[in-house]
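Below is one structure, written out as structure tokens; comments come after it.
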Ligand code: PLP
């Protein structure tokens, strides 16, 4: 191990030392094990607005918005003050036995924002625990209803729902599944819903019929009496910003209702403004699900918090029994008062500064600049909605294609833009406060980077 070096004239470890300690002692999520201890992570130092700065002072546009979460941008003093005030007032109390002002107000606010009768909020520590809670609530509910066999979960290929045992078990990203164990008895996956991957000559409408038929077929084969829930992101984000065909959401919800299958809409990415609305399910896809899971943008990433929002209908089913039982699901940090105070400040900023309206106003420009990228030969598809976008690279040789994501990432990073590479794709979800000029700055860099990657391929 190397000696610790310090910043001249202080006791602060130098950047080289910090990178070394990180490499030697920190286990990062999703790190390649074959590159274990051979990889230097970028040492991120400060951030302001939509920009991040590394330890050398180099500036980057935060193209992925952290991990789809830094909605109001970095460096908000009012947010820091709200967090400080709550820490001084009450930093913690057990959610098992007590209520707090921020969590009660936040629950009421979310109930007012959520569609239909989704009036009940269970706070969690993030997205995975929100998904876990939704799935366990379905199991609990069906046990209470005397339907212990009705537990299968229908999920979809390319869907991502988190990293707890159950949330990862319903995740359909094959590449993320090597060497771990998963719950396979309870989960059935439907094939890819990406219209870009439809058969040659097939219309989008025909593709939609096929995808709806996939769900019907699964129900017919497994039996509705065995299926408890269908879980779906409105847009499959980590799977490559896959926007299912128009009408798909509504038709699948109707099928679920007809078969007494709970519909869980995983809005961990699409919620809290990413698509210009608090939640996308009802406003954009015309569905009122039984559960909505949320996290990320709920606090704009300032503190960890998730929410599993449950309909009155499900709550009534769960309580409609004389048999006493408590809902033994929860976490030490459920409804953490400081996280709830951060979420309330986040919502206040959204409301006072018209963040949702801003997203809706800049979306056409963002989506136009995104689709203009189709002019590059190496871009096979450019898709997205709201301030969520993805380019899917294409090359003649499949091996070359698989490297496109990381090549685009490298070329962008060298020019001061961070993107999120996913195999042959690059994904963007910048802070929602991004201006038209900054959108242009981002896409100008991207075009320059794509040109370089394309030239190098030829
Ligand atoms: N659900 C979706 C749709 C996600 O994209 C993610 C994370 O990216 C999760 C759940 C898991 O959230 P977390 O990482 O906060 O546990």
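No value in this document is a laboratory result; all are computed from the given coordinates. Because the structure is predicted, anything quoted here is derived from the model rather than measured. All Cβ positions, glycine included, derive from the backbone under ideal geometry; neighbour counts span all protein chains shown.
What order, most packed first, do the peptides 80-89, 200-209 have when packing is the mean number of other Cβ atoms within 10 Å of each residue? All intermediate terms of the calculation are to be shown ahead of the outcome.
Details: 80-89: 14.6, 200-209: 12.6.
Top to bottom by mean Cβ count within 10 Å: 80-89, 200-209.
Per DSSP H run of at least 4 residues, take -39500 (n - 2.57); add these up for the chain, divide by its residues and hand me the 222 nm value, nearest 500 deg cm²/dmol. Present the calculation step by step, with values, prior to reporting the outcome.
Values: 15 runs with 181 residues, N = 458.
It lands at -12500 deg cm²/dmol.
So how do 383-395, 405-417, 43-55 stack up, highest first, on mean other-Cβ count within 10 Å?
383-395, 405-417, 43-55
How much of the pair distance distribution for the stretch 96-241 lies past 22 Å, counting alpha-carbon pairs only, in percent?
Tail of the P(r) past 22 Å holds 51 percent of the pairs.
How long are the semi-axes of the ellipsoid equivalent to the chain, from square roots of 5 times the Cα gyration tensor eigenvalues, in whole Å, largest first?
Those come to 35, 29, 22 Å.
I need the per residue convex hull volume for the stretch 1-63, using only the alpha carbons, in cubic angstrom as a whole number. Numbers along the way, then the final one.
On the way: hull volume 6.9 nm³, N = 63.
It comes to 110 Å³ per residue, whole-number rounded.
Taking N as the number of residues in the stretch 378-458, what value does Rg over Cα atoms divided by 2.2 N^0.38 Å take? Please list the in-between numbers first.
On the way: Rg = 12.3 Å, N = 81, 2.2 N^0.38 = 11.7 Å.
Here the answer is 1.05, to two decimals.
Using just the alpha carbons, could you tell me how many Å³ per residue the convex hull of the stretch 250-295 encloses?
Dividing the Cα hull volume of the stretch 250-295 by its residues yields 56 Å³.
Report, for the chain, the % of DSSP beta bridges that are antiparallel, rounded to 5.
Around 65 percent of the beta bridges assigned by DSSP in the chain are antiparallel ones.
Obtain the radius of gyration and the Kirkwood radius of the stretch 72-125 from its C-alpha atoms and give Rg over Rh.
1.03
What's the Cα-based Rg to Rh of the stretch 98-154, Rh via Kirkwood? Don't skip to the answer; put the middle values down first.
Numbers: Rg = 13.8 Å, Rh = 13.1 Å.
Result for the stretch 98-154 is an Rg/Rh of 1.05.
Alpha carbons only, please: Rg and Dmax for the stretch 35-129, in angstrom.
When restricted to Cα atoms, the stretch 35-129 yields Rg and Dmax of 18.2, 51 Å.
If the convex hull of the alpha-carbon atoms of the stretch 372-421 is projected onto planes in all directions, what is the mean projected area in square nanometres? Working shown, then result.
Values: hull surface 14.8 nm².
Value for the stretch 372-421: 3.7 nm².
What order do you get for 370-382, 341-353 when each peptide is scored by the mean count of other beta carbon atoms within 10 Å, highest first?
Ranking, from highest mean packing down: 341-353, 370-382.
Run through all the Cα pairs of the stretch 289-418 and give the fraction in each 10 Å bin from 0, expressed as whole percent.
Histogram of Cα-Cα distances, whole percents per bin: 10, 22, 26, 23, 14, 5, 1.
Quick check of the Kirkwood formula: for the stretch 195-344, what is the inverse mean of 1/r over all pairs of different Cα atoms, in Å?
17.3
Neighbour counts of other C-beta atoms within 10 Å: give me 62, 181, 117 arranged from fewest to most.
Fewest-to-most Cβ neighbours within 10 Å comes out as 181, 117, 62.
Let me have the relative contact order for the chain, percent, based on Cα pairs under 8 Å that are six or more residues apart. List each step's numbers first, then the result.
Values: 870 pairs, mean separation 92.5, N = 458.
Answer for the chain is 20 percent.
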